[in-house]
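Step one of this worksheet: look at the structure below.
Computed from the coordinates by the stated procedures, all read-outs in this text should not be read as laboratory data. A quick note: this is a predicted structure, and the numbers were derived from the prediction, not measured. Cβ placement follows ideal geometry from the backbone for every residue including glycine, while neighbour counts extend to all protein chains displayed.
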Amino acid sequence: MPVKMQPTSVIKARLGLEPNGKVQKFFTNTCYKHMDKYVPMDNGDLRTNVDIQPNSITYESPYARYQYYGVREDGTHEVKNYTTPGTGPYWDKRMVSAEMQDVVKEVQNYVNRGGK
């Protein structure tokens, strides 16, 4: 007897696995949460002036690019002192290196709970 299954797209949508779906949103927000401690902080504007979309995190402070790359676009004025310990340029890569296994576990647990 043949097994009748829903189309893959329907299954993915039900599980929240479609592009920009609830699992993608959870993953992005989990990355943001874990990344926060690696983002340089003086008065907090860089950490809070953020646009979070289902598949992207954009730090929108005027100096965000300078802080992220550690140098201005023209190659001058290298950032020499990140005032908060553990922070610095390429904070997403710092988080991935240190905490991606935790992020993956959290996302897997979210999927296992049915997106709850």
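So which residues in region 53-71 are under 18 Å from Cys31 (Cα atoms) and surrounded by fewer than 13 Cβ atoms within 10 Å (Cβ to Cβ)?
Step one: list which residues in region 53-71 are under 18 Å from Cys31 (Cα atoms), which gives 53-60, 64, 68.
Once the filter is applied, which keeps residues that are under 18 Å from Cys31 (Cα atoms) and surrounded by fewer than 13 Cβ atoms within 10 Å (Cβ to Cβ), region 53-71 yields Gln53, Asn55, Ser56, Thr58, Glu60.
Under the condition of being within 10 Å of the chain's Cα centre (by Cα) and assigned to a loop (DSSP other than H, G, I, E, B), which residue from region 1-58 is nearest to Arg94 (Cα to Cα)?
Asn55
Hey, can you tell me all the residues within region 22-36 that are without any contact (Cβ under 8 Å) to a residue 24 or more places away in the chain and within 16 Å of Val111 (Cβ to Cβ)?
From region 22-36, those without any contact (Cβ under 8 Å) to a residue 24 or more places away in the chain are 29, 33, 36; that's our starting set.
Once the filter is applied, which keeps residues that are without any contact (Cβ under 8 Å) to a residue 24 or more places away in the chain and within 16 Å of Val111 (Cβ to Cβ), region 22-36 yields only Asn29.
Applying the selection to region 59-116, what residues are aromatic (Phe, Trp, Tyr) and assigned to a helix (DSSP H, G or I)?
Looking only at region 59-116, we keep the residues that are aromatic (Phe, Trp, Tyr), and these are 59, 63, 66, 68-69, 82, 90-91, 110.
Scanning region 59-116 gives Tyr66, Tyr68, Tyr69, Trp91, Tyr110.
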